[in-house]
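Taking it in order: structure first as structure tokens, then the write-up.
A short reminder: the numbers here are calculations on the coordinates, not readings from a lab. These figures come from a predicted structure and were not determined experimentally. Note that we place each Cβ from the backbone using ideal geometry, even for glycine, and neighbour counts take in every protein chain shown.
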């Protein structure tokens, strides 16, 4: 059965005289009374003190030596009590927007916890997001673009300000064309970008026609083959995806004939919606 109340019996701390009280859990409870009636003795010196004492007892002997010893409050028993926090009754120098979580710094630990053990989900479809290998990306492209000519691009710059002259010259020397701000551009001619505006630069790695019979390897009835015996179209697509991932630090953008595009990521991206999700960090929350 779930614990629904904190039960205090025989509280005699300070000016309390054998107080018995049941406080409902998971609710907002206000303790009121005249000055000197024992509000602080009950809330801070009894309930909170016992919660802290029990928490410290769960730590190792090595950790306890760095903490002050907490004496047991004068009470017969307290049941249903969890580790507790206490905020001093004084005006803080924090922002008016401060909350219990920020004042006590518990919010920092919660952010660290969620960044360490949390599982990111796609904000569109709600599907859990995990890392994708280059092979998984290739198989997904084969499924989505069967019978189409797909364009594999490396999204090197995504909504950043600058002229990017050196980057464009480097791509030109490597023989790439690029799509700059949505327009395919021949980099052999000078291109001047406004350094005060955000720009998107995508290197066009390859255009591959996916024939109808180019089904993903997992759907073929024949035994698996080595990479050297793969169909030339699939092998070409693998090379294009690998090159795009290398140029764009783990991202590859694929444009299909219908005009729709999908972003794939070898780090964190939704395989259905293509939304890229950055690595979870405390500042993500």
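What ranking do 102, 32 get, fewest neighbouring Cβ atoms within 10 angstrom at the top?
The most exposed by this proxy come first: 32, 102.
Show me, bin by bin at 10 Å from 0, the whole-percent P(r) of the chain based on Cα pairs.
The percentages, shortest bin first, are 5, 18, 20, 14, 10, 12, 13, 7, 1.
Rounded to the nearest 500 deg cm²/dmol, what is the calculated helix-only ellipticity per residue at 222 nm for the chain, with -39500 (n - 2.57) per DSSP H run of length n ≥ 4?
Roughly -6500 deg cm²/dmol at 222 nm, from the helical runs in the chain.
Per 10 Å bin, what percent of the C-alpha pairs of the range 5-86 does each bin hold, from zero upward?
Percent of Cα pairs in each bin: 17, 49, 26, 7, 0.
Give the order of 285, 192, 256, 28 when sorted by the count of other beta carbons within 10 angstrom, beginning with the fewest.
Result, fewest neighbours first: 28, 192, 285, 256.
Need one number: the % of Cα-Cα pairs in the range 34-149 sitting beyond the 18 Å mark.
Cα-Cα pairs in the range 34-149 separated by more than 18 Å: 74 percent.
Evaluate the range 110-154: find the radius of gyration of its Cα atoms, find its Kirkwood radius, and give the ratio Rg to Rh.
The Rg/Rh ratio comes out at 1.15.
P(r) for the range 151-217, please, calculated from all Cα pair distances in 10 Å bins and given in %.
Using 10 Å bins, I get a P(r) of 20, 48, 18, 11, 3 for the range 151-217.
Restricting the calculation to Cα positions, tell me the Rg (one decimal) and the Dmax (whole number) of the range 90-192 in Å.
That works out to 23.0, 70 Å for Rg and Dmax.
Arrange 148, 135, 202 by Cβ neighbour counts within 10 Å, fewest through most, would you?
Ordered by Cβ neighbours within 10 Å, fewest first: 135, 148, 202.
Within 10 Å, count the other beta carbons around each residue, average over each peptide in 9-15, 111-117, and list them highest first.
Most protected by this proxy first, the peptides run 9-15, 111-117.
Determine, for each peptide in 162-168, 260-266, 178-184, the mean count of other beta carbons within 10 angstrom over its residues, then list the peptides with the highest first.
260-266, 162-168, 178-184
Using only the alpha-carbon atoms, how far is helix 106-117 inclined from the longest principal axis of the chain? Give it as 0 to 90 degrees, nearest 10.
40
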